[in-house]
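A.B. asks: Can you keep this structure in mind? I'll have questions shortly.
The values are calculated or read from the model by the stated rules, or taken from the named source; none is laboratory data. For clarity, every value in this text was computed on a predicted model and none was experimentally measured. As a convention, Cβ positions derive from the backbone with ideal geometry for all residues, glycine included, and neighbour counts pool all protein chains shown. Ligands, DNA and RNA are stripped out before the accessible areas are found, and what is left, the full protein with its side chains, is counted by its heavy atoms. Shrake-Rupley method; radii C 1.70, N 1.55, O 1.52, S 1.80 Å.
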Amino acid sequence: MLQGSHGNRAALPKTCRACHRGMTMALSGEEFTCLACHGNAAERGRMIKDGLLRTGGSQQLADIEAELRKPYNHPTLTAKGVHRQFEALPEEVVNAARHSECVDCHNPHLTEAAAPFRGIKGRRVGNFIVDVEQEYELCYKCHSESANLPGSATNKHGEFKPTNPSFHPVEEEGKNTHVISLKSPYAAKQEKPGDISRITCSDCHGSDDPNGPRGPHGSNHQGLLKLNYQMDDGRPESAYAYELCYRCHERSSILNNESFTYHALHIQGRMTGQGGTSCYTCHDAHGSSQYQHLIRFNEDVVKENAAGKLKYDAQGYSARHGACYLTCHGVEHNPKEY
């Protein structure tokens, strides 16, 4: 039964026939049927001219196709003919082709603006797979335990687990009760109305256009991120270099070493403006299965020290004391204490 936004006859006067016309989906894939309305203005104009679509008032349809053509995107336009009607996600077949069709994230018969993934199954309750309720459950369908994860990909479910020593608060509030650098209204724990103590995948991933459509369709930033995040070492620190981090964490707090004695030294280098170390070198923005404070060393940069050690020792979640055992940029830490 057609419900939600697509069940609105004021927008789709011919209801089902607006999308189901001849062999269009079977021949070209469902994404081009979706993009007839959710793509460029010329295609949308043809739908209006044919009496299949009405727009106006508060209803404005974004150009999703433009997002999908950005350098970093979900491969809706490039992976064709591999979606299977009754496929199981997370993927159970090791050599199954990775893909991302509109219907993997949206149920067109039920979706609506306030509930974009309504009717999508993916949450396990005992032996049953039921509709997802949280955005991260939708993302886990492809980015968690899928047997066909690329070699460079990681299990995001494993990184966000509340049993980890540290994690960004997607599934639950974080374990560190005092994150000194957080900007209001973000808070480590919700103590008063308006406090934001949990975030979503789409707080970081999505269109780089602040006025663009919601959802992680495409971005000009690596990682399909909304804001810039410099992941290479040797680059100058700036508000733009770590724009994503500074959206929630006060830059002045970080550079004044309020949470870590040597933050500025690491990020800026030995002289302001000189190349420093990326946040990515020491932190995993999703979570760490080993250490507190999101510590996960990028082992392309960070190596074992002369004693064969590569580890981080912290003293409590809120303490500003600990020690690193490693070698980074030729500097021996055996340990470096703070």
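A.B. asks: Between beta-carbons, use under 11 Å as the cut-off and find the net charge around E30, counting Lys and Arg +1, Asp and Glu -1.
C.D. replies: Local net charge: -2.
A.B. asks: Please get the size of the charge dipole for the chain, origin at its Cα centre, with Cβ charges of +1 on Lys and Arg and -1 on Asp and Glu, quoted in debye to the nearest 20.
C.D. replies: I would put it at about 760 debye.
A.B. asks: What residues qualify as long-range amide H neighbours of S288, i.e. H under 5 Å apart, gap of 5 or more or another chain, H built at 1.01 Å from N?
C.D. replies: For S288, the qualifying residues are S166, F167, L294.
A.B. asks: Let me ask something additional. When every alpha-carbon pair in segment 9-68 is counted, what percent end up more than 13 Å apart?
C.D. replies: The share of Cα pairs beyond 13 Å in segment 9-68 comes to 61 percent.
A.B. asks: Separation between the A306 and R198 pseudo-spin-labels, each 7 Å from Cα along Cα→Cβ, expressed in nm?
C.D. replies: Label at A306, label at R198, 4.9 nm between them.
A.B. asks: Further question: Relative contact order for the chain: what percent, with Cα pairs under 8 Å and sequence separation of 6 or more?
C.D. replies: Worked out over the chain, it gives 12 percent.
A.B. asks: Could you work out how far the C-alpha centroid of segment 252-324 sits from that of segment 152-174, in angstrom?
C.D. replies: Computed from Cα coordinates, the inter-centre distance equals 18 Å.
A.B. asks: Please label the shape of segment 283-338 as rounded, prolate or oblate, based on the square roots a ≥ b ≥ c of the eigenvalues of the alpha-carbon gyration tensor (a/c under 1.5 means rounded; beyond that, a/b larger than b/c means prolate, else oblate).
C.D. replies: Working: a/c = 2.25, a/b = 1.29, b/c = 1.74.
It comes out oblate by the Cα gyration axes.
A.B. asks: Here is a further query. Name the residue from P162, N220, C245 whose Cα lies farthest towards the positive end of the charge dipole of segment 146-248, charges +1 on Cβ of Lys and Arg and -1 on Cβ of Asp and Glu.
C.D. replies: The Cα lying farthest towards the positive end belongs to P162.
A.B. asks: Let me ask something else. Who wins for biggest fluctuation among G308, G151, G51 in a Gaussian network model of the chain, springs between alpha carbons below 10 Å?
C.D. replies: Largest GNM mean-square fluctuation: G151.
A.B. asks: In addition: If you count only protein heavy atoms with a 1.4 Å probe, what accessible area per residue comes out for the chain, rounded to a whole Å²? Intermediate results must be reported in sequence, preceding the final value.
C.D. replies: Numbers: 18940 Å² over 338 residues.
Counting only protein heavy atoms, the per-residue value for the chain is 56 Å².
A.B. asks: Something else: Give me the percent of the accessible area of the chain that comes from carbon and sulfur atoms, probe 1.4 Å, all protein chains in place.
C.D. replies: So the carbon and sulfur contribution to the accessible surface is 53 percent.
A.B. asks: Please list, by residue number, everything in segment 270-313 whose backbone N is under 15 Å from a paramagnetic label point 7 Å out along Cα→Cβ of E337.
C.D. replies: 313
A.B. asks: For segment 214-239 and segment 1-61, what is the centre-to-centre distance using only Cα atoms, to the nearest Å?
C.D. replies: 33
A.B. asks: Pairs of alpha-carbon atoms within less than 8 angstrom and 6+ residues apart define the contacts here; what relative contact order does segment 162-228 have, in percent?
C.D. replies: It rounds to 21 percent for segment 162-228.
A.B. asks: In segment 1-100, what chymotrypsin sites (Phe, Trp or Tyr not before Pro) fall in a loop by DSSP, with at most 16 other Cβ atoms inside 10 Å?
C.D. replies: Filter output for segment 1-100: F86.
A.B. asks: Right, another one. Once both labels are modelled 7 Å past Cα along the beta-carbon direction, what's the A79-E299 spacing in nm?
C.D. replies: Result: 2.6 nm between the two label points.
A.B. asks: If amide H atoms are built 1.01 Å from N in the plane of the peptide, which residues on other chains or at least 5 residues away come under 5 Å of the amide H of S146?
C.D. replies: For S146, the qualifying residues are E91.
A.B. asks: Note down the relative contact order for segment 16-87 as a percent, whole number, built from C-alpha pairs under 8 angstrom at least six residues apart.
C.D. replies: 27
A.B. asks: Does segment 218-262 come out rounded, prolate or oblate, given a ≥ b ≥ c as the square roots of the eigenvalues of its C-alpha gyration tensor, rounded meaning a/c under 1.5 and, failing that, prolate meaning a/b above b/c? If you can, show how the numbers build up before the last one.
C.D. replies: Values: a/c = 2.84, a/b = 1.77, b/c = 1.60.
Taking the square roots of the gyration eigenvalues as a ≥ b ≥ c, segment 218-262 is prolate.
A.B. asks: Length gain on complete extension for the stretch T24 to R69, per 0.36 nm per residue less the alpha carbon to alpha carbon distance?
C.D. replies: Value of the extension gain: 14.0 nm.
A.B. asks: Now a separate question. By the scheme Lys and Arg +1, Asp and Glu -1, what is the net charge of all other residues having a beta-carbon under 12 Å from that of C328?
C.D. replies: Details: positive: K303, K336; negative: D233, E299, D300, E304, E332.
Here the charged neighbours net out to -3.
A.B. asks: Springs between alpha-carbon pairs under 10 angstrom, Gaussian network model over the chain: which of S144, S152, S166 fluctuates most?
C.D. replies: Per the Cα network of the chain with a 10 Å cutoff, S152 tops the list.
A.B. asks: Whole number please: convex hull volume per residue, Cα atoms of segment 130-232, in Å³. Write out the running numbers ahead of the final one.
C.D. replies: Working: hull volume 17.0 nm³, N = 103.
Expressed per residue, the convex hull around the Cα atoms of segment 130-232 is 165 Å³.
A.B. asks: With θ taken as phi - 60° and the coefficients 6.51, -1.76 and 1.60, list the Karplus ³J(HN,Hα) couplings across segment 115-124 in order, rounded to whole Hz; mark glycine and proline as x.
C.D. replies: 3J(HN,Hα) across segment 115-124, in whole Hz: 9, x, 10, 4, x, 9, 8, x, 9, 8.
A.B. asks: Once the Cβ-Cβ distance between Q290 and T177 is put in as r, and R0 is 25 Å, what FRET efficiency do you end up with, to the nearest 0.05?
C.D. replies: After rounding, the FRET efficiency stands at 0.75.
A.B. asks: Per residue, how big is the convex hull around the C-alpha atoms of the chain? Give it to me in cubic angstrom, could you?
C.D. replies: That works out to 171 Å³ per residue.
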